Amino acid sequence: MTQQELLKIAAICIGLGILLGTLIVLLIQMNRSNSLISPEQLIGLSGVVEIPFDHNTKGKIRVKVKGALVDIVALSSLEHHFKVCEEVIIIEANENKVQVVPLSYLTDELMNNH
(Lines give C-alpha, C1' and ligand atoms only; values in the text may rest on other atoms or scores of the structure.)
Protein backbone atom coordinates (compact mmCIF):
# COMPACT_ATOMS: atom_id res chain seq x y z
CA MET A 1 0.00 0.00 0.00
CA THR A 2 1.14 3.47 -0.76
CA GLN A 3 1.25 6.25 1.73
CA GLN A 4 -1.64 8.00 -0.05
CA GLU A 5 -3.88 4.91 0.34
CA LEU A 6 -3.03 4.65 4.03
CA LEU A 7 -3.96 8.32 4.53
CA LYS A 8 -7.33 7.71 2.80
CA ILE A 9 -8.06 4.73 5.06
CA ALA A 10 -7.04 6.73 8.15
CA ALA A 11 -9.27 9.67 7.12
CA ILE A 12 -12.24 7.32 6.57
CA CYS A 13 -11.70 5.69 9.99
CA ILE A 14 -11.45 9.06 11.73
CA GLY A 15 -14.59 10.30 9.97
CA LEU A 16 -16.55 7.18 10.94
CA GLY A 17 -15.34 7.49 14.54
CA ILE A 18 -16.50 11.10 14.76
CA LEU A 19 -19.85 10.26 13.16
CA LEU A 20 -20.52 7.30 15.48
CA GLY A 21 -19.38 9.26 18.55
CA THR A 22 -21.74 12.11 17.69
CA LEU A 23 -24.60 9.67 17.18
CA ILE A 24 -24.00 8.04 20.57
CA VAL A 25 -23.88 11.44 22.33
CA LEU A 26 -27.17 12.48 20.69
CA LEU A 27 -28.86 9.23 21.73
CA ILE A 28 -27.69 9.66 25.33
CA GLN A 29 -28.98 13.27 25.42
CA MET A 30 -32.37 12.22 24.04
CA ASN A 31 -32.67 9.48 26.66
CA ARG A 32 -31.71 11.87 29.49
CA SER A 33 -34.21 14.52 28.50
CA ASN A 34 -37.02 11.94 28.59
CA SER A 35 -36.07 10.78 32.08
CA LEU A 36 -35.73 14.15 33.81
CA ILE A 37 -38.23 14.73 36.58
CA SER A 38 -39.68 18.17 37.20
CA PRO A 39 -40.63 19.15 40.75
CA GLU A 40 -44.28 19.53 39.70
CA GLN A 41 -44.40 15.83 38.77
CA LEU A 42 -43.54 14.87 42.36
CA ILE A 43 -46.42 16.68 44.06
CA GLY A 44 -49.11 14.23 45.17
CA LEU A 45 -46.89 11.16 44.86
CA SER A 46 -46.48 8.83 47.80
CA GLY A 47 -43.13 7.68 49.07
CA VAL A 48 -41.56 5.67 51.86
CA VAL A 49 -39.20 7.06 54.51
CA GLU A 50 -35.66 5.70 54.15
CA ILE A 51 -33.89 7.95 56.68
CA PRO A 52 -36.01 9.09 59.64
CA PHE A 53 -36.53 12.82 60.30
CA ASP A 54 -38.73 15.37 62.04
CA HIS A 55 -39.56 19.07 61.67
CA ASN A 56 -36.03 20.03 62.82
CA THR A 57 -34.06 17.68 60.59
CA LYS A 58 -33.85 16.43 57.02
CA GLY A 59 -34.48 12.86 56.01
CA LYS A 60 -34.74 10.82 52.86
CA ILE A 61 -37.71 9.25 51.12
CA ARG A 62 -37.92 6.85 48.19
CA VAL A 63 -40.48 7.57 45.47
CA LYS A 64 -41.38 5.65 42.33
CA VAL A 65 -41.37 8.07 39.38
CA LYS A 66 -41.71 7.02 35.74
CA GLY A 67 -41.02 3.42 36.71
CA ALA A 68 -37.79 4.21 38.56
CA LEU A 69 -37.11 4.49 42.28
CA VAL A 70 -35.75 7.92 43.23
CA ASP A 71 -34.31 8.96 46.60
CA ILE A 72 -35.12 12.54 47.59
CA VAL A 73 -34.26 14.75 50.56
CA ALA A 74 -37.43 15.26 52.62
CA LEU A 75 -38.54 17.94 55.08
CA SER A 76 -41.73 18.58 57.00
CA SER A 77 -43.11 21.50 58.97
CA LEU A 78 -45.34 19.18 61.02
CA GLU A 79 -44.28 18.24 64.53
CA HIS A 80 -44.16 14.58 63.65
CA HIS A 81 -41.36 12.04 63.87
CA PHE A 82 -41.14 10.23 60.53
CA LYS A 83 -40.03 6.62 60.96
CA VAL A 84 -38.36 4.26 58.49
CA CYS A 85 -40.92 2.58 56.17
CA GLU A 86 -43.61 5.16 56.99
CA GLU A 87 -45.65 6.24 53.98
CA VAL A 88 -45.68 9.93 53.13
CA ILE A 89 -47.29 12.20 50.54
CA ILE A 90 -45.32 14.94 48.78
CA ILE A 91 -47.14 18.27 49.13
CA GLU A 92 -44.44 20.61 47.81
CA ALA A 93 -41.30 20.20 45.73
CA ASN A 94 -38.47 22.53 44.82
CA GLU A 95 -35.09 21.73 43.31
CA ASN A 96 -33.88 18.61 45.10
CA LYS A 97 -36.03 18.72 48.27
CA VAL A 98 -39.64 17.89 49.02
CA GLN A 99 -42.08 18.79 51.79
CA VAL A 100 -44.09 15.81 52.99
CA VAL A 101 -46.91 14.87 55.33
CA PRO A 102 -47.56 11.39 56.68
CA LEU A 103 -50.17 9.43 54.75
CA SER A 104 -51.98 8.86 58.05
CA TYR A 105 -52.29 12.66 58.45
CA LEU A 106 -54.29 12.89 55.23
CA THR A 107 -56.55 9.95 56.06
CA ASP A 108 -57.18 11.38 59.55
CA GLU A 109 -58.04 14.79 58.04
CA LEU A 110 -60.47 13.15 55.60
CA MET A 111 -62.17 11.20 58.39
CA ASN A 112 -62.50 14.30 60.59
CA ASN A 113 -64.07 16.33 57.79
CA HIS A 114 -66.79 13.75 57.10
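Some observations on this one:
- Qualifying residue in the stretch 57-66 (condition: among the hydroxyl-bearing types (Ser, Thr, Tyr) and modelled with pLDDT of 90 or more): yes
- Tally of residues being touching a strand residue (DSSP E or B) at 6+ places or on another chain (Cβ under 8 Å) and surrounded by fewer than 17 Cβ atoms within 10 Å (Cβ to Cβ) across the stretch 63-74: 5
- Residues in the stretch 34-56 that are of a type in the set (Val, Ile, Thr) and closer than 21 Å to residue 107 by Cβ were compared, and the one that is modelled with the lowest pLDDT is 43.
- Condition met for residue 75 (at pLDDT 85 or above, touching a Lys or Arg at 6+ places or on another chain (Cβ under 7 Å) and within 21 Å of residue 39 (Cβ to Cβ)): yes
- Restricting attention to the stretch 44-61, the residues that are β-branched (Val, Ile, Thr) and loosely packed, with under 14 Cβ neighbours inside 10 Å add up to 1.
The values are calculated or read from the model by the stated rules, or taken from the named source; none is laboratory data. Note that the structure is a prediction, hence the values are computed from the model and not measured. Cβ atoms come from the backbone with ideal geometry, glycine included; neighbour counts cover every protein chain shown.
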